[in-house]
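The structure under discussion appears below in the form of structure tokens.
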Amino acid sequence: MQRVDNWVTRFEEGVLAFLLAAMTIVSFTQVVARYGFNSGWTGALEFTRILFAWLILFGMSYGVKIGSHLGVDAVIRLFPKPMFRVVAVFGALCGAVYALTLLHSEWLHIFGLNTRGGAIDYWQKMYKIGIGLDDLRYPQAIIENFGTQERVQRWIAYLILPIGLALFLFRCLQAAWQIVTGERELMIAAHEAEDLVAENKDILKD
């Protein structure tokens, strides 16, 4: 389990670093091209928007890993320790159910609910249809050498939906197990403000 966790963590951190670097480079070069040379890349805005969406969905699972999601725990901390842990596990499992439902909602049929669709189903439809994005286009060399369509397919951009939700599901289940085994207290970060105040209470003193 630890080996899988290390691999997923490296994958998440690597992708997040790449996305941040790509957004910065594209935005910077676009500003220079526009105000310095009165030029620019037509698909830059759409490309940056896609990178930002990927950053959010990858960051969603990584936030669970490092415990950076905000939450309120004032009520559950009034519970006895065993009950507190049960509620904390329940919260993590609710996150897993949420992720699984968005990923593939047809599993709810076991409860008699007539649901269908989800991120996997939506991505498969985009793959079959093969329609392109609005402004993002392949370079002319790729179109000529590989015979691709002019616009980048939407299924490439939407690939983050099943990947991001699958990672979020994994992190929620991992958090639930860590709470059960005592490795962590909660899935959320509820006292970061108090910690920051405590760490910096003497910063203004002479």
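The values are calculated or read from the model by the stated rules, or taken from the named source; none is laboratory data. Just so it is clear, the model here is predicted, and its values are computed rather than measured. A quick note on method: Cβ atoms are made from the backbone with ideal geometry, for glycine too, and the neighbour counts reach across all protein chains shown. Ligands, DNA and RNA are stripped out before the accessible areas are found, and what is left, the full protein with its side chains, is counted by its heavy atoms. Shrake-Rupley method; radii C 1.70, N 1.55, O 1.52, S 1.80 Å.
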Q: Determine whether Val4 is part of a helix (DSSP H, G or I), of a type outside the set (Ser, Thr, Tyr), out of contact with any Gly (no Cβ under 6 Å at 6 or more places or on another chain) and at pLDDT 85 or above.
A: no
Q. Quick one: what pairs do we get from segment 56-80, first residue closer than 27 Å to Tyr158 by Cβ, second of a type in the set (Phe, Trp, Tyr), C-beta under 6 Å, 6+ apart or different chains?
A. Met60/Phe168; Ser61/Phe168
Q: Sort through Val87, Val64, Val75 and tell me the only one that's over 19 Å from Glu12 (Cα atoms) and surrounded by 15 or more Cβ atoms within 10 Å (Cβ to Cβ).
A: Val87
Q) Which fully enclosed helices (runs of 4 or more DSSP H) of segment 99-166 have 2 or more residues being open to solvent by less than 90 Å² (accessible area, probe 1.4 Å) and more than 26 Å from Ala44 (Cβ to Cβ)? A) 119-129
Q) Of everything in segment 29-46 that's of a type outside the set (D, E, K, R) and surrounded by 13 or more Cβ atoms within 10 Å (Cβ to Cβ), which residue is farthest from Leu161 (Cα to Cα)? A) Ala33
Q: Please work out if Arg10 is modelled with pLDDT of 90 or more, closer than 21 Å to Phe170 by Cβ, open to solvent by 50 Å² or more (accessible area, probe 1.4 Å) and part of a helix (DSSP H, G or I).
A: yes
Q) Out of all the residues in segment 13-46, which are of a type in the set (S, T, N, Q) and not in a helix (DSSP H, G or I)? A) Asn38, Ser39, Thr42
Q) For Arg49, are the conditions met, namely being open to solvent by 40 Å² or more (accessible area, probe 1.4 Å), in a helix (DSSP H, G or I) and at pLDDT 85 or above? A) yes
Q) Do any residues in segment 11-40 that are more than 23 Å from Lys65 (Cα to Cα) have Cβ atoms under 6 Å from those of residues that are among the basic types (Lys, Arg), where the two are at least six apart or on different chains, and which pairs are they? A) Gly40/Arg34
Q: Considering only residues that are of a type in the set (Ser, Thr, Tyr) and within 26 Å of Asn6 (Cβ to Cβ), look in segment 21-67 and name the one that is farthest from the chain's Cα centre (by Cα).
A: Tyr62
